[in-house]
1. Counting only protein heavy atoms and a 1.4 Å probe, tell me what percentage of region 42-92's accessible area is made up of carbon and sulfur.
2. Enumerate the whole-percent occupancy of each 5 Å bin, from 0 to the last occupied one, for all C-alpha pair distances of region 64-110.
3. Net charge within 14 Å of G115 by Cβ-Cβ distance, Lys/Arg positive one each and Asp/Glu negative one each, not counting G115 itself?
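The values are calculated or read from the model by the stated rules, or taken from the named source; none is laboratory data. What you are looking at is a predicted structure, and each value in this text was computed from that prediction instead of being measured. Note that we place each Cβ from the backbone using ideal geometry, even for glycine, and neighbour counts take in every protein chain shown. All accessible areas refer to the heavy atoms of the entire protein, side chains included, with ligands and DNA or RNA removed. Shrake-Rupley method; radii C 1.70, N 1.55, O 1.52, S 1.80 Å.
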Amino acid sequence: MSRKPELRGRAARLARLFPTGPGQAARTPFVLLVVLLLGGGLIGLLVLNSALSEGQFKLDDLQKQTKSLTDEEQALQRDVDAYSAPDALQRRAHELGMVPGGDPAFLDPNGTVKGVPEQAAAEKTSADTPVVLAPEALISRPSQSPPRAAGATAPVPAPTPARSVPPAQSTAVQSSTPTTPGR
């Protein structure tokens with residue numbers, strides 16, 4: 001039979017580090033560790049995938065909301081552009097009773113007046129239409145009034161706006177230093 005040779009010196013010291021019993025390690029803890037690592041990895045991937053899906057749904061909702069708000073902003077900008085067009089401003093000013101101004105006069109810092117101030121040429125307005133309309137008059141009213149409940153009081157009529165009277169024009173300069181109200 002074969003007998004192990006006797007080791008001496010350095011080889012003997014190294015041989016003591018290796019186990020001398022049967023050479024089979026316990027496999028159960030190693031298999032359990034591998035199964036736990038694989039299971040944990042799969043569960044982690046599932047959670048990560050769910051979080052990414054939820055984030056994608058939120059992103060889609062926010063993109064739809066952004067598109068809707070962008071469309072609304074563009075529609076409002078078109079309205080502003082239409083209202084600020086020169087012909088629309090002229091038409092609206094005419095509806096409010098405004099007239100084109102004449103040649104302006106300018107006041108220099110030293111107090112001299114340059115130019116001749118003149119009153120704007122008033123256009124013919126009907127006696128029924130005031131020169132300046134109240135904001136209440138600009139709002140369209142329904143053609144029929146709603147039925148009133150028993151015991152309700154009569155509605156108070158809206159005040160009628162008064163005609164504006166242009167101030168008297170004066171060409172004389174009162175003072176060379178302008179005064180500011182409240183000082």
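1. Summing carbon and sulfur atoms, their accessible area is 62 percent of the total for region 42-92.
2. Final binned percentages: 5, 17, 12, 13, 11, 11, 10, 9, 5, 4, 3, 1, 0.
3. -2
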